[in-house]
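The values are calculated or read from the model by the stated rules, or taken from the named source; none is laboratory data. Keep in mind it's a predicted model, so treat the numbers as computed, not measured. Here the Cβ is made from the backbone with ideal geometry for all residues, glycine too, and neighbour counts use every protein chain on show. Ligands, DNA and RNA are excluded from the accessible area calculation, which covers all protein heavy atoms including side chains. Shrake-Rupley method; radii C 1.70, N 1.55, O 1.52, S 1.80 Å.
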Amino acid sequence: MRFVLPKGRLFRDSIEILKKAGIELKSPENRELIVRNGRYELLLARSFDVPVYVEHGVDIGIAGSDVVEERRSDVLIPLELPFGKCRLSLAMLGENLVSVEEMDGFRIATKYPSLARRFFESKGIEVEVIKLHGSIELAPKIGIADAIVDIVETGNTLRANGLVEVEKIMDVSALLLVNRISQKTQFKEINELVLKIKGVIKDGS
């Protein structure tokens, strides 16, 4: 069975919950991207790529619901996991603060162009979306965007950059992803894993 886990903030909790469910995956060393652990294989990927790997053949993955919603990959989602909690929000500089309804024609910087577009379309507001890959908070400070759509955990990064949340777009948490074909070909093993993870979540609550 192959697992794909995201590099970064979800990795440690992902490894831990699988371990508690009886799946021992050795952490990679020396920039390894594939680690074999007996009958298991662990792949490391960028968080945005995890749903794509699962859709196209990797058996099991863990990714944030923000990434899954942005990608809209065709995967099964049997469980929401009890970590990776944060929110996707619209924010802008405090001195320029306006309501969403006043943002017609604004430029919005984000790593989540699809989610940003869908949010503004649902409000009937036309905006220009600029896709960036990092340091999104910089965009309004240097004037290339009027507002941002980004992940917020504590809000400290926003405050440090003079930004204020205008509106929450969605709550975010980690999700367990399953490849649709693997669910059929490895039905027993995958269902057992899902039940074990459910038990871990229940015991931890």
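With +1 assigned to the C-beta of every Lys and Arg and -1 to the C-beta of every Asp and Glu, and no other charges, what is the dipole magnitude of the range 12-80 about the Cα centre in debye, to the nearest 20?
The dipole of the range 12-80 has a size of about 300 debye.
Which value, in Å² and to the nearest 10, is the accessible area of Asp203 when all protein chains are kept and the probe is 1.4 Å?
130
Take the alpha carbon atoms of the range 79-102, find their center, do the same for the range 142-158, and report the distance between the two centers in whole angstrom.
8
Note the direction-averaged projected area, equal to a quarter of the hull surface, for the Cα convex hull of the range 140-182, in nm².
Taking the Cα atoms of the range 140-182, their convex hull projects to 5.0 nm² on average.
Per residue, what accessible area does the chain have, given a 1.4 Å probe and all protein chains present, in Å²?
53
Could you check how much of the accessible area of the range 1-66 is carbon and sulfur, as a whole percent, using a 1.4 Å probe?
Here it works out to 45 percent.
Please find, in a Gaussian network model of the chain (springs between Cα atoms separated by less than 10 Å), the residue of Lys26, Lys131, Lys188 whose mean-square fluctuation is greatest.
With Cα springs under 10 Å in the chain, the top fluctuation among Lys26, Lys131, Lys188 is at Lys188.
What's the carbon and sulfur percent of the range 139-192's accessible surface, probe 1.4 angstrom, rounded to a whole number?
Carbon and sulfur together cover 52 percent of it.
Does the range 20-75 come out rounded, prolate or oblate by the C-alpha gyration tensor, with a ≥ b ≥ c the root eigenvalues, rounded set by a/c under 1.5 and, if not, prolate when a/b is larger than b/c and oblate if not?
Prolate.
Given a 1.4 Å probe and heavy atoms of the protein chains only, how would you sort Lys184, Lys20, Lys198, largest accessible area at the top?
Lys184, Lys20, Lys198
With the cut-off at 28 Å, report for the chain the share of all Cα pairs above it, as a whole percent.
Distances greater than 28 Å cover 35 percent of the Cα pairs.
Take every DSSP beta bridge whose two residues both sit in the chain, then give the antiparallel share in percent to the nearest 5.
65
Could you check what % of the DSSP bridge pairs in the range 1-70 are antiparallel, to the nearest 5?
35
Could you check what % of the DSSP bridge pairs in the range 77-174 are antiparallel, to the nearest 5?
Bridges in the range 77-174 are about 65 percent antiparallel.
Taking 1 over the mean of 1/r across every pair of different Cα atoms in the range 132-204, what Kirkwood radius in Å do you get?
Its Kirkwood hydrodynamic radius stands at 16.1 Å.
If contacts are Cα pairs under 8 angstrom and at least 6 residues apart, what is the relative contact order of the range 33-163 in percent?
Value for the range 33-163: 23 percent.
Using every Cα-Cα pair within the range 1-107, state what percent have a distance larger than 21 Å.
44
Of Glu126, Glu137, Glu80, which is the most mobile in a GNM of the chain whose springs link Cα atoms less than 10 angstrom apart?
Of Glu126, Glu137, Glu80, the Gaussian network model singles out Glu126 as fluctuating most.
As a test of the formula, what do you get for the chain when each DSSP H run with n ≥ 4 contributes -39,500 (n - 2.57) and the sum is divided by the residue count, at 222 nm and rounded to the nearest 500 deg cm²/dmol?
-9000 deg cm²/dmol
About the Cα centre of the chain, how large is the charge dipole given +1 on each Lys and Arg Cβ and -1 on each Asp and Glu Cβ? Please answer in debye to the nearest 20.
The dipole magnitude comes to about 940 debye.
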